[in-house]
Amino acid sequence: MPLRDLALGLAVIVIWALNIIVIKLGVAELPPLLLTTLRFALVAGLLVPFHPVARHQLPFLLLLSLTFGSLHFALLFIGLGQAEAGTGALLVQMGTPFATLLAVVFLKERLGPRRLTGLVLSFAGVAVLAGGPTLPAPLPTFLLLTSALGWAVSQLLIKRGPDVSPMALAGWVALFATPQVALGSWWFEQGQWQALAEAGWAGWGAVFYTAVMSSIVAYGLWYGLLRRHPVNRVVPLTLLMPVLAVLLGAALMGDSLGPHKLAGGGLVIAGLALIVLRLGPRRPAG
């Protein structure tokens, strides 16, 4: 990978790692479902007018808005409001093992000893995290793991669904998810108007960053890299994201770096590496 593209890939990882910190700051000023609603509305407003889709693709995008929009993003924002940034980032990374299991069950993919070992290490890492003081209470832990499951289900749907460009998918999923999450905010949260009136740079900055930087800029750069390079050269960069999120959580949010988090996080990342990295001899060029 040329140095320029490697730098772009690392920039995307930094944006996504900072996104965890930004969400933590945002939900301190805005209720999490309200913040998610505003984020979806901004993404939809910026993307939908410029990325039309065919009518027959709308049912698929509506279904994806339930799993990717409401299930993944809404629960992510709620869960991160009650968890340390680094621990939350590690739990959400369990989407990769979940997706692997779903592919084995529903797509009949072969698991193999390497990926099986990766699954065991990932779940062992969560078990180690559960034995330490940084794991959030059972409810936010469940929400973050369910958010990871929502991401995994969404990846399965995208793999089997119609071909939709990444930016069109992001925009239309956000459009369909906006009323769903807004209804959840109206039903479960209170003081939304007061929160909007009192929100400062952290709240409104979180809306902008999660929508524009994390969803549009970062994903735009990422899919550009995937178009130019083999997947197995690009995807391994994502292993740096939870590491950086843990370090940023410690540096910027005062999160602890105890032995349970370091050991459990190391096991999760080692498991992810075994799942996503393709080992073996390199094919000769040409």
Taking the condition of being part of a helix (DSSP H, G or I) and open to solvent by less than 40 Å² (accessible area, probe 1.4 Å), how many residues in segment 142-172 meet it?
14
Based on what the data block shows, is Val104 open to solvent by less than 50 Å² (accessible area, probe 1.4 Å), β-branched (Val, Ile, Thr) and closer than 25 Å to Trp16 by Cβ?
no
Only one residue in Ala251, Ala211 is closer than 20 Å to Phe77 by Cα and either open to solvent by less than 40 Å² (accessible area, probe 1.4 Å) or without any contact (Cβ under 8 Å) to a residue 40 or more places away in the chain (or both), so which one is that?
Ala211
Is one or more of the residues making up segment 108-122 within 30 Å of Pro31 (Cα to Cα), among the hydrophobic types (A, V, I, L, M, F, W, C), modelled with pLDDT under 90 and open to solvent by 20 Å² or more (accessible area, probe 1.4 Å)?
no
Do the conditions hold for Gly26, that is, is it closer than 24 Å to Asp255 by Cβ and at pLDDT 95 or above?
yes
Could you check segment 259-274 and list, in sequence order, the residues that are touching a residue at least 60 places away in the same chain (Cβ under 8 Å) and open to solvent by 20 Å² or more (accessible area, probe 1.4 Å)?
Pro259, His260, Ala263, Gly266, Leu267, Ile269, Ala270, Ala273, Leu274
State the number of residues belonging to segment 30-74 that are of a type in the set (A, V, I, L, M) and within 14 Å of Ile20 (Cβ to Cβ).
1
Looking at Val14, Val27, which one is touching a helix residue (DSSP H, G or I) at 6+ places or on another chain (Cβ under 9 Å), open to solvent by less than 40 Å² (accessible area, probe 1.4 Å) and of a type in the set (Val, Ile, Thr)?
Val27
Within segment 222-247, track down each residue that is closer than 11 Å to Trp16 by Cβ and open to solvent by 30 Å² or more (accessible area, probe 1.4 Å).
Thr238, Leu240, Leu244
What is the residue count in segment 123-132 for residues that are open to solvent by less than 20 Å² (accessible area, probe 1.4 Å), part of a helix (DSSP H, G or I) and either of a type in the set (Gly, Ala, Ser) or more than 13 Å from Leu90 (Cβ to Cβ) (or both)?
1
Failed criterion for Ile20 (all others in (1) crowded, with 20+ Cβ neighbours inside 10 Å; (2) assigned to a loop (DSSP other than H, G, I, E, B) hold):
(2)
Tell me, yes or no, whether segment 133-141 has at least one residue that is surrounded by 13 or more Cβ atoms within 10 Å (Cβ to Cβ) and in a helix (DSSP H, G or I).
yes
Determine if segment 177-194 includes at least one residue that is more than 23 Å from Leu90 (Cα to Cα) and of a type in the set (Ser, Thr, Tyr).
yes
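The values are calculated or read from the model by the stated rules, or taken from the named source; none is laboratory data. It should be emphasised that the depicted structure is a prediction, and the values quoted were computed from it without experimental measurement. A quick note on method: Cβ atoms are made from the backbone with ideal geometry, for glycine too, and the neighbour counts reach across all protein chains shown. In case anyone asks, the SASA skips ligands and DNA or RNA and just uses the protein heavy atoms, side chains included. Shrake-Rupley method; radii C 1.70, N 1.55, O 1.52, S 1.80 Å.
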